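Coordinate-derived values only; no laboratory data. None of these values were measured; they are calculated from a predicted model. When we count neighbours, we look across all protein chains shown, and the Cβ atoms used for this are built from the backbone with ideal geometry, even at glycine.
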Amino acid sequence: MFAGKRIILGVTGGIAAYKAAYLLREFQKAGAEVRVTMTPSATRFVGTETFAALSRNEVAVEVFNNENPGKNWTKHIQWGDWADLFVIAPCTANTLSKIVQGQSDNMLTSTVLAARCPLLICPTMDGEMYESSSVTENLQRAKAQGHYILEPTEGYLASGLEAKGRLPEPEEILKKAQDIIKKHRIKGPLTGKKVVVSAGPTREFFDPVRYISNPSSGKMGLAMAEAARLSGADVTLLHGPISLEIPDRIPRKSFVSADDLFNLIKENSDADVIIMAAAVSDFKAASVEKQKIKKENGSNELKLTRNPDILEWLGNQKKEGQILIGFAMETENLKENAQKKIKKKNLDWICANDLSGEDSGFESDKNTILLLGTDSEQTFSGSKNQIAKEILERIFGKG
């Protein structure tokens with residue numbers, strides 16, 4: 001239901017805070033990745049350790065870290081950019097009031113202001129509080145601001161009274177959350193498609209401190225991943241050792257060697273679209289020394305063996321309807337070599353770039369790409385971000 005979706009769960013200081021732990025688990029069972037932010041008063045009901053253990057992520061409470069000033073004070077910005085949906089359950093009258101007034105005195109309310117995703121508020125409080133004119137007005141204001149409200153249910157409350165104010169059951173919250181995500185899903189030619197993109201170099205170690213590699217920055221692969229996300233795809237980025245900052249909104253898995261990447265590709269080979277932009281080493285050391293090779297004991301020769309041809313393996317395993325897009329980096333005979341690869345590896349498209357070009361290459365922000373299909377070709381030049389967008393529009397349309 002929520003496979004690949006990213007949920008921020010906000011927990012405020014009401015007795016129903018303990019139920020948020022069960023809600024978190026239900027989101028996880030449905031496939032979501034969940035991060036938790038709590039108001040300081042919520043920690044009086046349930047400790048942060050509980051949610052940290054369940055979510056496998058640090059719990060955000062205060063904007064500033066007194067023990068380590070300056071650390072993570074922008075987390076609300078990062079999380080707000082990362083999430084597909086922000087759910088506050090339970091939401092107290094106090095936090096509801098702060099939301100509609102735009103206050104940001106803790107990490108939860110700060111993240112609300114920074115969030116780019118829809119917000120689902122589950123107001124939970126005693127019946128008389130819920131029916132008060134102030135709360136009624138704040139709920140109306142929250143709706144007018146574009147937020148979603150899931151009304152509480154009636155039942156036995158912590159006060160001992162029977163009234164409307166209970167937190168709805170997890171399955172009801174999940175159903176509402178699913179409806180909201182569907183409504184706000186990016187609409188594009190890749191909507192509903194699973195897309196896997198590889199990026200960056202591989203490193204083939206021949207002793208603990210030395211390796212064979214290349215200067216790939218991963219910029220083109222990251223640009224392809226972001227362009228696919230903006231086309232509506234559920235994207236997973238597989239990246240090698242790169243120094244680029246990857247936005248939190250893009251799920252990722254890291255690799256070091258070609259064998260590592262091959263294993264990740266096998267795990268994700270069911271994707272609708274696979275874009276192999278990584279610069280994979282063709283060779284690796286025939287054997288890896290356990291200790292650093294000393295000059296006095298070293299040889300002038302390094303014996304190599306071939307790495308698996310991941311792209312060719314994908315071509316041989318290609319499923320019906322699956323689209324494979326490869327990248328080819330050449331220093332000569334660009335078109336001829338790319339045409340050979342598209343046939344040999346059973347690709348649908350190949351993006352070929354000449355490393356000797358003035359505005360192309362590993363670490364440049366610009367590129368020139370020759371896009372070849374089985375019966376078409378087109379050249380794109382410009383920034384890597386713009387080229388990535390144009391490549392996907394050429395292949396899949398503008399939606």
Within the set of pairs 6+ apart or on separate chains, which have a first residue in the range 143-156 that is among the aromatic types (Phe, Trp, Tyr), a second that is surrounded by 13 or more Cβ atoms within 10 Å (Cβ to Cβ), and C-beta atoms under 6 Å apart? TYR148/LEU120; TYR148/ILE180
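Table: residues versus (1) over 22 Å from ALA114 (Cα atoms); (2) aromatic (Phe, Trp, Tyr); (3) assigned to a loop (DSSP other than H, G, I, E, B); (4) more than 38 Å from the chain's Cα centre (by Cα).
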| residue | (1), (2), (3), (4) |
| --- | --- |
| GLU128 | yes, no, no, yes |
| VAL135 | yes, no, no, no |
| LEU139 | no, no, no, no |
| ALA142 | no, no, no, no |
| GLU151 | yes, no, yes, no |
| GLY155 | yes, no, no, yes |
| SER159 | yes, no, yes, yes |
| GLY165 | yes, no, no, no |
| PRO168 | yes, no, yes, no |
Per-region count, the range 176-230, residues of a type in the set (A, V, I, L, M, F, W, C), closer than 22 Å to ASP81 by Cβ and assigned to a strand (DSSP E or B): 4
Selection status of GLY188, of a type outside the set (Phe, Trp, Tyr), touching a residue at least 60 places away in the same chain (Cβ under 8 Å) and surrounded by 19 or more Cβ atoms within 10 Å (Cβ to Cβ): yes
Tell me whether the range 263-281 contains one or more residues that are more than 20 Å from the chain's Cα centre (by Cα), exposed (fewer than 15 other Cβ atoms within 10 Å of the Cβ) and farther than 26 Å from GLN78 by Cα. no
Give me a count of the residues in the range 305-318 that are surrounded by 12 or more Cβ atoms within 10 Å (Cβ to Cβ), closer than 15 Å to VAL280 by Cβ and free of Cβ contacts under 8 Å to residues at least 40 places away in the same chain. 4
Here is a check on your reading of the model: is ALA177 buried (at least 19 other Cβ atoms within 10 Å of the Cβ), out of contact with any helix residue (DSSP H, G or I) (no Cβ under 6 Å at 6 or more places or on another chain) and in contact (Cβ under 8 Å) with a residue 12 or more places away in the chain? yes
Enumeration of residues in the range 173-183 that are over 28 Å from GLU267 (Cα atoms) and either out of contact with any Leu (no Cβ under 8 Å at 6 or more places or on another chain) or among the hydroxyl-bearing types (Ser, Thr, Tyr) (or both): LYS175, ASP179, LYS183
